[in-house]
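This report concerns only the one structure given below.
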């Protein structure tokens, strides 16, 4: 019961989803839509597990006065504030102009944009560190990256040649490489799906 | 023919020619004379669908693209009886000769389209100021199909691949041994765990931003299981911060199973596999902190990754961690290749679970993948040759209708 | 209010940027606040935008087959109780099984058949040298790229040579993507700098 | 450790500092950078030039604050161009944030002296119909009936009561569609569900990351033109003769790109120099 039933559920639901792809009839379409909604609903319930985990880890840091426990207090305050502000006025709580949305725009959005902008620095440092002509492979990597980057720098008469080269690289060899990776991923992913459906890959199910 | 005898039709032709035609040309200036109606209107069930749609086709009006070229659109009208009231169901711009009258399948929907019921159709050609209607077509009945003919190539592919996988797995069950070539990223895993043990520092495992439903994440679970087993053997701490509650639950089960496999269930600590937040950059901000504060010796990034890949990899490099990455997200592979020590590219991520566990069944499936790959490569080569000599049939084998 | 908002946003921006120098309390403050707020925001918006319309409204409207989803959802929560936690595997099994089946055909079609279909192109285009070369590179590149992903044979001899060509083409593609992405990453930083120097300090217009 | 070895193991914070300067400093200058208008941008501009004054253009803003640095300048230059040419603007969004982005771009443009002189009026010269959920289905529904798909505008007025919307029933009454896109739903959906069935004339602006996926639609003629990333935005500003934000920002782009290239070159120089020494 503990081991067998989940494996059976995986098999039945997996095979059903494969079959329904080939059957346009409405009866299968209906079950498909329900199943998709059930998955979403399971996800919503699971949110509580997430909140529980976050709260428990933070509270235990505060209780044990672990290093940096004060920051866990900040996390808990942030969480509690948003939960309260987002629920207390019913579904009007998250309309534009509420305190909930003010926090979203003035605290959440700028931090997010800045985290994202860190990439500008990291892309430079990664390029400096990684783009050394050690081997043929790394030389190819470095030279193509340079060619593509140079298209934004005025080079006089060379600019035209560089533009042509850059767009050729993007449309021809780049396409070939992407296709090879895509096909490989397709084979790997489909094989993994089958391994899951047939119960061969079951590490995700845990053990007793 | 409405005019039964020849004489009256001759008289009519006469009138047409000498009276109405010049008049019509004058009238055509302000476009009030109706265009010739669409002809050969046919209505029938739409193939390969769920049974709530009828397809109508017609021959274009003489003034559409030819003649006076003043037809702007066609309206499609429907009725439940040939003589009943016809209501407009939709409109297509001039130049189109087909329309799918499609409705919802839910009975409570306003736009519900009942199957197994007779419908009659007319098509109306419209100019700016006038219109003309075709004759009535029908009755037509909508019904659902039980197999999508256009997806036949996919069906054959599905069967063939499934048989290949099952065949190789059963070979593996019978004890056949399979060779797989070494993979640098996999060979590095043991060293990376050993390094963490020597340094007495924890290992960080990031499953990415995917949900438990992403295949890359599921592949990563299997790898996590093997790595957890090894860390349990080495008594090294493993930290798994998650960004999806279900992923966290599964990760807990997976790691626990790894500790059981190693015979050290007592060492499993659930609080090391925890949830942070589901929002991309907040999650990254927190993981950045963990790397620097816990001084993780080895970082694994295996699963689905988006823009955060480079932030993680560069922060890990600041912390001096050994980093092993792998993803099937094409746009992020370059950043992992540049910034981490080893990268499992695309399919290698899926192969890694078989490599790490060396389980015969998983290796068998990997062989099936290789066989399929060989078939794909053969098709590519033959297909390109066929296309060079203008044989179109080969392409049709792979063409899927949606 | 707007001025206060701009000041808060600007200070938080600086707090995150300070991480580039090194980990520090200012960053830790921003980080912990960000985690709490984002988790709360995510929970609340999912509740109002997904839970209510997908489950509550449907149940109220009498569509009781949604109860099945709710039951599996509750099973998921049983993880919190160690003794009956194993029941949550039923929900996991449903999620994983369903999506495995769903993705199987999706990957087979879009990663397999469509890619093969797009790569079946003539190797020789009459009177068009650049397209002939382009097509040749695409077909040979894809072919050798796939050789690289072959697991059953060691990369030696002619086979190894093709595999090497394959990885070179992959590297070419990675270099191109890397170089191409620099522009959009710089755009992000320009946006932030514009905010700090323009919106906040008013130094640039 | 000599200088070269130090250079090889350069503290990344030095790189960070240079990048910050390379991005920030150019913002203080207005430099006339030579930016060539590429054919894809030129085509878009030509298609819009061909619209007679009074033409109705629909613009769909399908992005959120995350893509603002790239797409907001495009939205601004588009509005500026339309007001100058007396084209009537109908704004919608397939992303919830789109109409909000439009309002903040309008706020900037309506305060520019040239536009102030023209004094465009809401409801007559431009309307914002807001956001409707449904992704590509929204486009499909607009094909048969725009006022039904967007019954009310962003501020709650009835769409049918807006003077600009008089006689606008579906895509047949729209002369040009412009789409600013950061992903799904976006330009791909506009092509598949707007251009293919309804033969709308479509131009688009995309983030740099997104743009390569859109190129095939240009070659097939389904898209009249495309602005790719900040560079595309700058080219459009040059083409319209009104250099603005994107052009200004391109100076930062060029300097920072040049800096990264420079760092890569000196990194390699140091690498080869130290290797030679070791070899000898």
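The values are calculated or read from the model by the stated rules, or taken from the named source; none is laboratory data. Quick caveat: nothing in here was measured; it's all calculated off a predicted structure. Positions of Cβ are backbone-derived with ideal geometry, glycine not excepted, and every protein chain shown enters the neighbour counts.
Structure data summary
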read-out	value
Verdict on residue C:140 being at pLDDT below 90 and more than 30 Å from residue C:69 (Cβ to Cβ)	no
Elements of type helices (runs of 4 or more DSSP H) contained in the range D:1-84, each with 1 or more residues being closer than 20 Å to residue C:191 by Cβ	D:12-24
Single condition residue B:226 does not satisfy, out of (1) assigned to a loop (DSSP other than H, G, I, E, B); (2) in contact with a helix residue (DSSP H, G or I) (Cβ under 6 Å, 6 or more places away or on another chain)	(1)
Boolean, residue B:210 is touching a residue at least 40 places away in the same chain (Cβ under 8 Å) and either buried (at least 22 other Cβ atoms within 10 Å of the Cβ) or outside the structural domain of residue B:300 (by TED's automatic domain parsing) (or both)	yes
Sole residue being touching a residue at least 12 places away in the same chain (Cβ under 8 Å) and within 20 Å of residue D:229 (Cβ to Cβ), chosen from D:65, D:120, D:99, D:53	D:65
Qualifying residue in the range C:107-128 (condition: under 25 Å from residue B:245 (Cβ atoms) and at the interface with chain A (Cβ under 10 Å from one of its Cβ atoms))	no
Complete set of residues in the range C:183-205 that are touching a residue at least 24 places away in the same chain (Cβ under 8 Å) and facing another protein chain (nearest Cβ under 7 Å)	C:192
Of all residues in the range C:85-100 being more than 8 Å from chain A (Cβ to nearest Cβ) and touching a residue at least 12 places away in the same chain (Cβ under 8 Å), the one that is surrounded by the fewest Cβ atoms within 10 Å (Cβ to Cβ)	C:87
Hey, residue B:286 within 24 Å of residue A:116 (Cα to Cα) and surrounded by 19 or more Cβ atoms within 10 Å (Cβ to Cβ) or not	yes
Count of the range B:146-162 residues which are outside any helix (DSSP H, G or I) and either surrounded by fewer than 18 Cβ atoms within 10 Å (Cβ to Cβ) or more than 9 Å from every other protein chain (Cβ to nearest Cβ) (or both)	2
Every pair of residues 6+ apart whose Cβ atoms lie under 8 Å, when the first sits in the range A:185-203 and is at the interface with chain C (Cβ under 7 Å from one of its Cβ atoms) and touching a residue at least 60 places away in the same chain (Cβ under 8 Å) while the second is surrounded by fewer than 24 Cβ atoms within 10 Å (Cβ to Cβ) and in a loop (DSSP other than H, G, I, E, B)	A:196/A:202
Among (1) within 8 Å of chain A (Cβ to nearest Cβ); (2) within 30 Å of residue A:123 (Cβ to Cβ); (3) touching a helix residue (DSSP H, G or I) at 6+ places or on another chain (Cβ under 7 Å) - the single one residue C:163 does not satisfy	(1)
Qualifying residue in the range B:93-104 (condition: modelled with pLDDT under 80, in contact with a strand residue (DSSP E or B) (Cβ under 9 Å, 6 or more places away or on another chain) and surrounded by fewer than 20 Cβ atoms within 10 Å (Cβ to Cβ))	yes
Where a residue in the range C:70-84 is in a helix (DSSP H, G or I) and its partner, wherever it lies, is exposed (fewer than 13 other Cβ atoms within 10 Å of the Cβ) and modelled with pLDDT under 90, with Cβ under 7 Å and at least six apart	C:78/C:84
Matching residues in the range C:54-66 - criterion: being at the interface with chain A (Cβ under 10 Å from one of its Cβ atoms), in a helix (DSSP H, G or I) and exposed (fewer than 15 other Cβ atoms within 10 Å of the Cβ)	none
Complete set of residues in the range A:119-156 that are within 30 Å of residue C:33 (Cβ to Cβ) and more than 7 Å from chain C (Cβ to nearest Cβ)	A:122, A:124, A:125, A:126
Restricting the range C:144-163 to residues that are part of a helix (DSSP H, G or I) and touching a residue at least 12 places away in the same chain (Cβ under 8 Å), the residue that is farthest from residue B:368 (Cα to Cα)	C:162
Residue match in the range C:149-160 (condition: in contact with a strand residue (DSSP E or B) (Cβ under 9 Å, 6 or more places away or on another chain) and within 7 Å of another protein chain (Cβ to nearest Cβ))	yes
Residues within the range B:334-380 that are in contact with a strand residue (DSSP E or B) (Cβ under 7 Å, 6 or more places away or on another chain) and either more than 9 Å from chain A (Cβ to nearest Cβ) or closer than 23 Å to residue C:113 by Cα (or both), tallied	9
Those residues of the range B:101-145 which are over 24 Å from residue B:58 (Cβ atoms) and either outside any strand (DSSP E or B) or not assigned by TED's automatic domain parsing to the domain that holds residue B:65 (or both), in sequence order	B:105, B:106, B:107, B:108, B:109, B:110, B:116, B:144
Scope the range A:164-183; condition within 9 Å of chain C (Cβ to nearest Cβ) and either over 23 Å from residue C:163 (Cβ atoms) or touching a strand residue (DSSP E or B) at 6+ places or on another chain (Cβ under 8 Å) (or both); matching residues	A:166, A:168, A:170, A:171, A:181
From the options C:103, C:180, residue that is facing chain A (nearest Cβ under 7 Å), closer than 30 Å to residue A:9 by Cβ and either surrounded by fewer than 19 Cβ atoms within 10 Å (Cβ to Cβ) or in contact with a helix residue (DSSP H, G or I) (Cβ under 6 Å, 6 or more places away or on another chain) (or both)	C:103
